[in-house]
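Heads up, the thing below is written out as structure tokens.
The values are calculated or read from the model by the stated rules, or taken from the named source; none is laboratory data. Treat the numbers as computed from the prediction; the structure is a model and nothing was measured. Cβ sites come from the backbone with ideal geometry, for glycine too, and all protein chains shown count toward neighbours. Quick note on the areas: whole protein, heavy atoms, side chains included, nothing else; ligands and nucleic acids left out. Shrake-Rupley method; radii C 1.70, N 1.55, O 1.52, S 1.80 Å.
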Amino acid sequence: MNPKYQITIVWSQEDECYLVSIPDFADEIMQPVSHGNTYQEALQNGLEVMEELILNLQSIDKSLPIAKLMFSHYQEKPGLHVVLQQIVLKFYEEASNSINLGQNDELEIEEAIKLGILVQKEEELSFQNLELLNEYLTHHIVNLILDNWNNVEVILKIHRKTITLNYKIISEVDLEHQVLLLLNKECSKNLVDLLIKASSLQKSQEMQYAYVNIYKSFWKILPQLKISVESVIRLLDFIDADFDKGNITIYQGIEEFAAQNKDIAENLYSSLLSRADKAFAILLCNVILAIARSDFPEAHKRALTFCDQEESILRRVGI
């Protein structure tokens, strides 16, 4: 069973029991999926239904649904939580730090205003707390990407819009970095595979620009990612011909990545050294700089050994 699948449990005054929904399986079964007289009973019944659904899908070799990302704000007030999600959808669509409510917008915003979450001035609505808007917006974008995970072109467009939202709504944080970090850490998505697939879409200027943006974002957050040295080297092998795209960002990312601990630095060092014929082997310099932070004599010794090497890249690194 995948523990990341969300189970929603709410008390129903009309039915006088707790109702259980499993949103990620909405295409497979009518919601709610079960109920219980107590919260624990409802949870247990929901888990049993989920387990049965997963087993049934696996038995017919059908793919399991992608688990949507969950977050904690106002989960104890599901009605309010849903309203805030609907409002954030409008913020995303309009790319503005405030939205205008039209006559056709039937959103129950009174509770959110009463609690000081939202501020309304005439027909204009905004979030009182930008950190809360940031969290809701980040999760909305992540779930939007999860819905389109097999469509890389759509993901690139979402990432490009995320940068626009960052500029127009929440300039204090790097929204596009938060989205990629959540995809990697919370959703266990392979960003290296995403970048490799995305590189093939650089046919138009728009797609090329979108690719370079997500490419640079990856290298900026590399030290924060849950990622192996082998995956990083696989990406470098793939982009060898395009190494000059955003290479300053790559230099910085590799150095900070290598500086995390000795094992990462040594693994990177040996992998890059064995690829002295490739353009990105120049990154050995950044690995040595990372080693120098904790062991300067060792870093200096390694640099000196490169000065007389036949490979021009190694000589450049040594010098």
(request) Would you mind classifying the stretch 269-319 by shape? Square roots of the alpha carbon gyration tensor eigenvalues, ordered a ≥ b ≥ c; an a/c under 1.5 is rounded, otherwise it is prolate if a/b is larger than b/c and oblate if not. (result) oblate
(message) Using Cα springs under 10 Å in a Gaussian network model of the chain, which residue among 222, 273, 175 shows the largest mean-square fluctuation?
(response) 273
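Per residue of the chain, what 222 nm ellipticity follows from adding -39500 (n - 2.57) for every DSSP H run with n ≥ 4, rounded to the nearest 500? Don't skip to the end; give the middle numbers.
Numbers: 14 runs with 175 residues, N = 319.
Calculated at 222 nm, the ellipticity per residue is -17000 deg cm²/dmol.
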(request) Over the chain, with every protein chain in place, what whole percent of the accessible area is carbon and sulfur at 1.4 Å, could you tell me? (result) 47 percent
(message) What's the magnitude of the charge dipole for the chain around its Cα centre, counting Lys and Arg as +1 and Asp and Glu as -1 at the beta-carbon? Answer in Debye, nearest 20.
(response) 1560 debye
(request) Set Lys and Arg Cβ to +1 and Asp and Glu Cβ to -1, take the dipole of the chain about its Cα centre, and tell me which of 218, 25, 133 lies farthest positive. (result) 218
(message) Between the stretch 264-319 and the stretch 170-240, what is the separation of their alpha carbon centroids in Å?
(response) 25 Å
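If you stretched the chain out fully between residue 294 and residue 171, how much longer would it get, using 0.36 nm times the residue separation minus the C-alpha to C-alpha distance? Please list the in-between numbers first.
Details: separation 123, 0.36 × 123 = 44.28 nm, distance 3.48 nm.
Separation in residues times 0.36 nm, less the Cα-Cα distance, equals 40.8 nm.
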(request) Mind checking the per residue accessible area of the stretch 151-265 for me, 1.4 Å probe, whole number of Å²? (result) 47 Å²
(message) Using only the alpha-carbon atoms, how far is helix 205-221 inclined from the longest principal axis of the chain? Give it as 0 to 90 degrees, nearest 10.
(response) 80 degrees
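Which of rounded, prolate, oblate describes the stretch 165-259, given a ≥ b ≥ c as roots of the alpha-carbon gyration tensor eigenvalues and a/c under 1.5 marking rounded, otherwise prolate only if a/b is larger than b/c?
On the way: a/c = 1.43, a/b = 1.07, b/c = 1.34.
Since a/c stays below 1.5, the shape of the stretch 165-259 is classed as rounded.
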(request) Could you tell me which label, among (i) 20.1; (ii) 21.4; (iii) 26.8, carries the value of mean projected area of the Cα convex hull in nm² calculated for this structure? (result) (ii)
